[in-house]
Amino acid sequence: MTLLSARNLVKDFGGLRAVNVEAFDLPAGEIRAVIGPNGAGKTTFVSLLCGRLPPSSGTIRFEDTDITRLPAHERVARGIAYTFQITSIYPNLSLLDNVMLPAQRRASLNGTADAAARAAEALERVGLTDRAQEMAGVQAYGHQRLLEVAMGLALSPKLLILDEPTQGLAEGEIETFIALIRDVAQDATVLLIEHNMSVVMALAERITVMNFGEVLAEGTPDEIRANTDVQTAYLGG
Amino acid sequence: MKPDRALLLHLAVIAALFAMQYVLPAYHQGNLARILVLATFATGYNILFGYTGLLSLGHALFFAAGMYGAGMTMRFLDWPALAAFPAGIVAATLLAGMIGALALRTTGVAFMIVTLMFAQAGYLTILYFNEFTRGDEGFVIVQATRNILGFDLSNDDVRFVAAWLIFSVGLLVALAVVRSRMGRVLVAIRENEERTRMLGFDPFPYKLSAVALSGAYAGAAGAAYALLFGSVGASFASIQYSIEPLLFVLLGGTGVVLGPLVGAIVIFYLIEYAREVTTAYLIVVGVALVLLILFARKGVLGSLRRRTDGWLP
Ligand SMILES: Nc1ncnc2c1ncn2[C@@H]1O[C@H](COP(=O)(O)OP(=O)(O)O)[C@@H](O)[C@H]1O
Ligand SMILES: [Mg+2]
């Protein structure tokens, strides 16, 4: 079953066509990586999907509903969560308060009273439980990245969009992160923008390669590795 | 269960304020009544500015709406004070809701300018309809009508208790609001609005509620001012009354529930003493603010809060 699809999705910034994706389909349950050189339009593309930016034209469907005109918060309510490439947390709140907000949102959407348990679980999954009471702003960069992911997890999304989550993480943290995403993928679809190719190869079932706002290639990791277009455009071959 | 330290502190402040009537000489008791009404105004303003991060320069209009809502219903409709007071609150809340719905299309400096323009337009409207509003010189509410359930609001002691009661209710409501789920979302919007939206919250209804709630406080304060001090006039819609709550909040501590009270006391007496020394007393207020920004940017209580592990709400 297709969870999310986009057709003829275009985003122009003035004269610059940052995104021009003819067709994109994401089956439920998949871990999909989006790769491409800097400025390829990856962040802009997923921003259109989650509603952070309105498209110039095109349509987006989620669970067979047209969500193109839905505001971001309503897409979140339907199960799309986005974690920012540029860390976007609440620096002056504790880690717990940071995850409490999405946990509360999910709890109230579900009509349950389990916000505190959700928040605690989200911190647990990224290994930040010990620091729950500390201020987010003073944490090491790697921990802030993990907090960003935890905020997404606390929403219990159907689709988790991660924008370069391992950027700035240490080797050991990346190992933990890979395990975490495998675990998340048990019950969510993951759309992962990633520069670190070993992370991509370890996680992705399929890879979408973007260049100049367009989809250059799409396939399994093996297919992408073998693709000569990709080699020249991206892998610097 | 752990005792609720924050609630106890606020109750203690409320009790201490009540006791002031037995301690203070009549002159200062009168001052404190006025301060408590203005602090109520600023306590609501703090929910908008301190907790939600929206800087309005137009709240004088809501203060005046409360004042005229109470004053006009008494003067033209002969409503009793008990009905006129809530009429003032309703008038201010509705006006704040309408202006908020328009002004919230903008953010930052534009929001400041739009709210300022609405307030100036309101101020001029009051003057334009001078025949009804007596905007220019103001009008006095007949003393005999200024009573509630047999209590004469023009009596010094009754006036003090009434001002104390309104402030106390306002303070406890503010405490409950900022510690509620809604309060946490307001702070989240202040800290990072885009993040908050991407966590599934629509910021608009929260911001609008904050504008309307602060408008209700302004209205309650304005209506109380009319009832307790008997005067109604356009000058209360002027820019000075929009700046005042902002100053109180800045000095006392933005985003601290007790901040506006501290700010109101300090600035009231600062102006009071400066007036005795010089006619250019506003310079003294200006200097105080500059010092504040240089040395205690978070205000008196904001600086204190950092030493209390942040438990002071
Ligand atoms: N808000 C914006 N306004 C103007 N140009 C933008 C904006 N956001 C991104 N761009 C441009 O769009 C292109 C794609 O950017 P982006 O989506 O961030 O790429 P990627 O995430 O693949 O590095 C870049 O050329 C970038 O400069
Ligand atoms: Mg990017």
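The values are calculated or read from the model by the stated rules, or taken from the named source; none is laboratory data. The structure presented is a predicted model; accordingly, all values stated were derived computationally and were not measured. All Cβ positions, even for glycine, are placed from backbone atoms using ideal geometry, and neighbour counts span all protein chains on display. Accessible surface is based on the protein model in full, side chains and every heavy atom, while ligands, DNA and RNA are left aside. Shrake-Rupley method; radii C 1.70, N 1.55, O 1.52, S 1.80 Å.
What the table shows:
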{"read-out": "Per-pair calculated FRET efficiency, R0 = 22 Å: B:THR125 and B:VAL90 via Cβ, rounded to 0.05", "value": "0.75"}
{"read-out": "Segment B:5-238, Cα convex hull volume normalised per residue, Å³", "value": "121"}
{"read-out": "Shape box of chain A [Cα atoms, principal axes, largest first, Å]", "value": "49, 39, 35"}
{"read-out": "Environment charge of B:ILE265, counting only residues whose C-beta is closer than 14 Å and scoring Lys/Arg +1, Asp/Glu -1", "value": "-1"}
{"read-out": "Positions from segment B:181-212 whose accessible area shrinks by 50 Å² or more when the full protein complex is built, not the chain alone, probe 1.4 Å", "value": "B:ARG181, B:ARG184, B:GLU191, B:GLU194, B:ARG195, B:MET198, B:LEU199, B:GLY200, B:PHE201"}
{"read-out": "Per residue solvent-accessible surface (Å²) - the protein assembly as shown, probe of 1.4 Å", "value": "43"}
{"read-out": "Helix A:141-153 vs. chain A, principal-axis angle (Cα, 0 to 90°, nearest 10)", "value": "90"}
{"read-out": "Chain pair A, B: total accessible area buried, heavy atoms, 1.4 Å probe, Å²", "value": "1800"}
{"read-out": "Nearest-ten-degree value, helix A:171-184 long axis tilted from longest Cα axis of chain A", "value": "90"}
{"read-out": "FRET efficiency for A:GLU124 and A:ASP229, using Cβ-Cβ distance with R0 set to 30 Å, rounded to 0.05", "value": "0.10"}
{"read-out": "Loop chymotrypsin sites (Phe, Trp or Tyr not before Pro), segment B:224-313, which have at most 12 other Cβ atoms in a 10 Å radius of their Cβ (DSSP)", "value": "B:TRP311"}
{"read-out": "With every protein chain in place, segment B:5-238: carbon and sulfur % of accessible area (1.4 Å)", "value": "69"}
{"read-out": "Cα-based helix-to-principal-axis angle, A:115-126 vs chain A, degrees rounded to 10", "value": "60"}
